[in-house]
1. Looking at this structure, is residue 6 modelled with pLDDT under 95 and within 28 Å of the chain's Cα centre (by Cα)?
2. Just to be sure, is residue 12 open to solvent by 100 Å² or more (accessible area, probe 1.4 Å) and at pLDDT 75 or above?
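The values are calculated or read from the model by the stated rules, or taken from the named source; none is laboratory data. Owing to the predicted nature of the structure, the values given are computational and were not obtained by experimental measurement. Side chains included, ligands, DNA and RNA excluded: accessible areas come from the protein's heavy atoms. Shrake-Rupley method; radii C 1.70, N 1.55, O 1.52, S 1.80 Å.
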Amino acid sequence: MQTIRPDNTDPIPLRNSPPRITTILIRFVGLLIAAVAVLTLAWSR
C-alpha cells in the first residue's frame, strides 16, 4: 500500500467567507414565520 502525500504541508484552506450573521438571521426569521403560519392554519381547522 502506497501512501500519498501532498507536495506542501500547508494546512487545508477554509472557506474564504463564512455565512454572515445577517443571512443566518434572515433565514431563521423566515423559517420561524413559516412554522407559525403552518401551525396557525393547523390550529384553526
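1. No; evaluated as a whole, the condition is false for this residue.
2. Judged against the criteria, residue 12 is not a match.
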